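Everything on this sheet refers to the single structure shown next.
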Amino acid sequence: MENHKAGFVNIIGNPNVGKSTLMNAFIGEKLSIITSKAQTTRHRIFGIVNGDDFQIVFSDTPGIIKPAYELQQSMMDFVKSAFEDADVLIYMVEIGEKELKDEAFFDKITASKLPVLLLLNKIDISSQEVLENQVQWWSEKVPNAEIYPISALTNFNIDTVFNRILELLPASPPFYPKDQITDKPERFFVNETVREKILINYKKEIPYAVEVETEEFIEDEDIIRIRSVIMVERDTQKGIIIGHKGAALKRVGVQSRKDLEKFFGKQVHIEIYVKVNKNWRSNQNQLKRFGYNQK
């Protein structure tokens, strides 16, 4: 361990700029939800990459917003914590974007003494001229950052960024066992998989009013048996989630099972129920129960 490097590389940015896609590209595993909807990531999720002489702990964070209720405030607390333990800060933006939606966070980045890598994402849908203008604009806006044009979706320039991160890591023993790829338990990924299917299959307020809790996770040699509950805030939302003759809920279950079988590498049997948990997004006790408000 004498020449070993290790550190925390924390990814921040506005909603929908590709933070989760980037994290999954680095890890080689699907740890973070990816959808076209904003506020998809609610927690701070660690993804760990191990080599013989290094360990990088990547951290995906919720997109930065002005919080409107307790859940969103808790999400922004996760972002604040990403500034506190970072060894390298990744500030992710997309072509055509301007500052962060919260000026205080932006000021923290420009004043940071940490190494800052500004990743200009989605260049696969941009022209060379626009890209050059954007690089110039951002270099003036965040003069303390190294700028890398990337495409997280197509893996363009990801290896270059990864190698630069390795160079910037401090000498340190590993923080986690070398066979570990995340800090989250299995049930967390069941919850996130089911929630992703809700984001994909339902519109308007429904996905944002939902939380998923896995009450049972029993792993046998050949099969994993799971029982999960979808929490909604109102009876009308429960009806929409279940759908006509249960068809909508069944679709969520089938899609979740397929993804979980890929993730765990074995057969999965999952039962999903729906319960009403009124105003859970503004209830401190409920938020703690679901892993938010960890202060």
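Side notes on the structure shown:
- Förster-model FRET efficiency, 30 Å R0, E216 and K245, C-beta, rounded to 0.05: 0.75
- When the solvent-accessible area of the stretch 88-229 is split by element, carbon and sulfur atoms take up 51 percent of it, the probe being 1.4 Å.
- Between helix 247-264 and the chain: long-axis angle, C-alpha atoms, 0 to 90°, nearest 10: 50 degrees
- In this structure the amide hydrogen of E216, modeled in the peptide plane, comes within under 5 Å of the amide hydrogens of R227, none closer than 5 places in sequence on its chain.
- Under the convention that each Lys and Arg Cβ holds +1 and each Asp and Glu Cβ holds -1, the size of the dipole of the stretch 148-234 around its Cα centre is about 480 debye.
- Taking all protein chains into account, the per residue accessible area for the chain stands at 47 Å² (1.4 Å probe).
- Packing-based ranking of 271-279, 9-17, 145-153 yields 9-17, 145-153, 271-279, ordered from highest to lowest mean Cβ neighbour count within 10 Å.
- Inter-label distance, S172 to L131: 3.3 nm, where each label sits 7 Å from its Cα along the C-beta direction.
- FRET efficiency estimate (nearest 0.05) - Cβ-Cβ, H4 to R187, R0 45 angstrom: 0.90
- Calculated FRET efficiency for the pair T160/R234, C-beta based, R₀ 51 Å, to 0.05: 0.60
The values are calculated or read from the model by the stated rules, or taken from the named source; none is laboratory data. These figures come from a predicted structure and were not determined experimentally. Backbone-built Cβ (ideal geometry, glycine too); neighbour counts: all protein chains shown. Accessible surface areas use protein heavy atoms only, side chains included; no ligands, DNA or RNA. Shrake-Rupley method; radii C 1.70, N 1.55, O 1.52, S 1.80 Å.
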